[in-house]
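Report on one structure; see the data block that follows.
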Amino acid sequence: KAFMKFSNLIRNTLESSEHITRSIDKELDYLNDYLELEKLRFNDKFEYELVLDEEIDYDVGMPPMLIQPHVENAILHGLKPLDGPGLVKISFTLEGDNLCCVIDDNGVGRSAKKSELSTKKHRSMATQINKDRIALLQRSIKGEVALKIIDKTDEKGKASGTTVIIKLPIQNF
């Protein structure tokens, strides 16, 4: 089973490099395979939810591999260091003429991870690469492309995860 998911993940990654846009159902399949493998890798340390709004047709397209780096950050930097079980929820909704994707986790938060990484001299490039990619998309497709990262806190002001919101103009595939 894991071998098939890995095989599907590699095939989808290679196929995505050939296209500017792919259907949302292909992106969901890709994310599902990726998340299943990460769950296996981290011994079921986290759960995940993939939610697609009923109003979204499967002919809606999006740039491939735009969501995965943020999901990876949520798992590696937010959920992996968490003491208890983690949850990452990825939801797709329509907001007017935009496709909105929200990646939400209940991890340790970016502030906790930043202080740990600064002592290790680690430099993560995934977020900056995705910001650059979104800036390129903004210039190449009609409509607004936006990326927002929100540091969540609980009622006591303690970091309680991260929410990433990506908005894209609806593109039919």
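A few remarks follow.
- Among (1) part of a loop (DSSP other than H, G, I, E, B); (2) open to solvent by 70 Å² or more (accessible area, probe 1.4 Å); (3) at pLDDT 80 or above; (4) not small (Gly, Ala, Ser), the one test that VAL108 misses: (2)
- Those strands (runs of 3 or more DSSP E) lying entirely in region 37-99 with at least 2 residues of a type in the set (S, T, N, Q) and at pLDDT 95 or above: 86-95
- Taking first residues from region 85-96 that are of a type in the set (S, T, N, Q) and partners that are open to solvent by 50 Å² or more (accessible area, probe 1.4 Å) and in a strand (DSSP E or B), the Cβ contacts under 9 Å between residues at least 6 apart in sequence or on separate chains come to SER91/GLU49; SER91/LEU50; SER91/VAL51; THR93/VAL51.
- Residue within region 84-100 that is under 22 Å from PRO169 (Cβ atoms), of a type in the set (Ser, Thr, Tyr) and touching a helix residue (DSSP H, G or I) at 6+ places or on another chain (Cβ under 8 Å) present: no
- Here is the figure for region 51-61: residues that are closer than 13 Å to ASP29 by Cβ and surrounded by 13 or more Cβ atoms within 10 Å (Cβ to Cβ) total 1.
- The single residue among LEU147, LEU136 that is in contact with a helix residue (DSSP H, G or I) (Cβ under 6 Å, 6 or more places away or on another chain) and without any contact (Cβ under 8 Å) to a residue 60 or more places away in the chain turns out to be LEU147.
- Qualifying positions in region 9-28 - modelled with pLDDT under 75 and either in a helix (DSSP H, G or I) or touching a strand residue (DSSP E or B) at 6+ places or on another chain (Cβ under 7 Å) (or both): LEU9, ILE10, ARG11, ASN12, THR13, LEU14, GLU15, SER16
- Any hit, region 56-79, residues being of a type in the set (Asp, Glu) and under 17 Å from ARG22 (Cα atoms): yes
- Flag if LYS142 is touching a strand residue (DSSP E or B) at 6+ places or on another chain (Cβ under 9 Å), exposed (fewer than 12 other Cβ atoms within 10 Å of the Cβ) and at pLDDT below 80: yes
The values are calculated or read from the model by the stated rules, or taken from the named source; none is laboratory data. Note that this is a predicted model, so its numbers are computed, not measured. Here Cβ is always computed from backbone atoms with ideal geometry, including for glycine, and neighbour counts include all displayed protein chains. Note: accessible area is taken over every heavy atom of the protein model, side chains too, but ligands, DNA and RNA are not part of it. Shrake-Rupley method; radii C 1.70, N 1.55, O 1.52, S 1.80 Å.
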